[in-house]
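Student: Once you've had a glance at the structure underneath, I'll fire off some questions.
The values are calculated or read from the model by the stated rules, or taken from the named source; none is laboratory data. Since the model is a prediction, treat every value here as computed from it, not as a measurement. Here the Cβ positions follow ideal geometry from the backbone for every residue, glycine too, while neighbour counts run over all protein chains shown. Surface areas here come from the heavy atoms of the whole protein model, side chains and all, with no ligands, DNA or RNA. Shrake-Rupley method; radii C 1.70, N 1.55, O 1.52, S 1.80 Å.
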Amino acid sequence: EDQVTQSPEALRLQEGESSSLNCSYTVSGLRGLFWYRQDPGKGPEFLFTLYSAGEEKEKERLKATLTKKESFLHITAPKPEDSATYLCALNRDDKIIFGKGTRLHILP
Amino acid sequence: DAGVIQSPRHEVTEMGQEVTLRCKPISGHDYLFWYRQTMMRGLELLIYFNNNVPIDDSGMPEDRFSAKMPNASFSTLKIQPSEPRDSAVYFCASSLKGQGGEKLFFGSGTQLSVL
């Protein structure tokens, strides 16, 4: 069965301390892997789409990368405003299936 | 554009009562999704529509749940009768196929508490 597994469940970093979030997936025929950001009390907000192994996307302090089995969301020199839950998802025949997310907390 | 609009924002009800959640998608979008989010299970897809037609409702937990989309600008998710285990945040999302159809735009959600 198609699956999306994210790790770690939660991560606390000091401001400026770079790190990476992991998304492992299994799917027969990847039609896209996505990253979303969710702030408390709000719906998820789209960040990136990746379609093929080796692809990379960047936005400010965030960079998403993709291999055949995993995707990483690298966060460089994070700021407190980057604190949020980051969700990974994949496209399975037009159904967008989400992982449980990584709760990221950046300490000032 | 006002984005995806959901109502109510919060709903508190008693077990056995009927609950109706409402969603107005972004104008022009042809896909609409209903999700449920809990700490234990994360964001679960309940049902999705394409051009107002239900395509996959395999995520609907039980017959107590039903969803309709009578036109392109309105959808409802109904729970009858409600149970305490239905307590969760329910999100509606819409997207446009052909322009990165997987880029979902979410509403702010309805926080449902069933006592």
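Student: Dipole of the protein assembly as shown (Lys/Arg Cβ +1, Asp/Glu Cβ -1, origin at the Cα centre): which of B:Q111, A:H74, A:F34 lies farthest to the positive side?
Tutor: Going by the Cα projections, it comes out as A:H74.
Student: Have a look at region B:40-59 and report residues whose accessible surface goes down by 50 Å² or more when the remaining protein chains are included, against the chain on its own, probe 1.4 Å, ligands and DNA/RNA excluded.
Tutor: At a threshold of 50 Å² (probe 1.4 Å), the residues of region B:40-59 that become less exposed are B:L43.
Student: Could you let me know the centre-to-centre spacing of region A:72-99 and region A:1-65, using Cα atoms, in angstrom?
Tutor: 3 Å
Student: Would you kindly calculate the mean projected area, averaged across all directions, of the convex hull enclosing the Cα atoms of the protein assembly as shown, in square nanometres?
Tutor: 12.3 nm²
Student: Using θ = phi - 60° and the Karplus form 6.51 cos²θ - 1.76 cosθ + 1.60, what ³J(HN,Hα) does each residue of region B:8-25 get, whole Hz, x for Gly and Pro?
Tutor: Result, ordered by residue: x, 6, 9, 9, 10, 9, 9, 3, x, 7, 7, 10, 10, 9, 10, 8, 10, x Hz.
Student: Sticking with this one: Please work out the Cα convex hull volume for chain B and give it in Å³ per residue.
Tutor: Taking only Cα atoms, chain B has a hull volume of 94 Å³ per residue.
Student: In whole percent, and with a 1.4 Å probe on the protein chains, what portion of the accessible area of region A:3-107 is carbon and sulfur?
Tutor: Whole-percent figure for carbon plus sulfur exposure: 48.
Student: Could I have the simple spin-label model distance between B:S7 and A:R31, label points 7 Å from Cα toward Cβ, reported in nm to one decimal?
Tutor: The modelled label-to-label distance comes out at 3.4 nm.
Student: Any lysines with Cα under 25 Å of the A:K59 Cα? List them, leaving off those in the same chain fewer than 8 positions away.
Tutor: The reachable lysines, counting only those whose Cα sits under 25 Å from A:K59, are A:K42, A:K68, A:K69, A:K79, A:K100, B:K97, B:K103.
Student: Across region B:82-88, in residue order, what do the Karplus-derived ³J(HN,Hα) couplings come to in whole Hz, using 6.51 cos²θ - 1.76 cosθ + 1.60 with θ = phi - 60° and x for Gly and Pro?
Tutor: With the stated coefficients, region B:82-88 comes to 7, 10, x, 6, 7, 4, 4 Hz.
Student: Just to be sure I understand the curve: with the Debye formula and one point per C-alpha of chain A, what is log10 I(q)/I(0) at q = 0.12 Å⁻¹?
Tutor: Listed by q, the Debye log ratios stand at -0.36.
Student: Report for region A:3-107 the percent antiparallel among DSSP-assigned beta bridges with both residues inside it, nearest 5. Show your work: numbers first, answer last.
Tutor: On the way: 38 of 43 bridges.
Roughly 90 percent of the DSSP beta bridges within region A:3-107 come out antiparallel.
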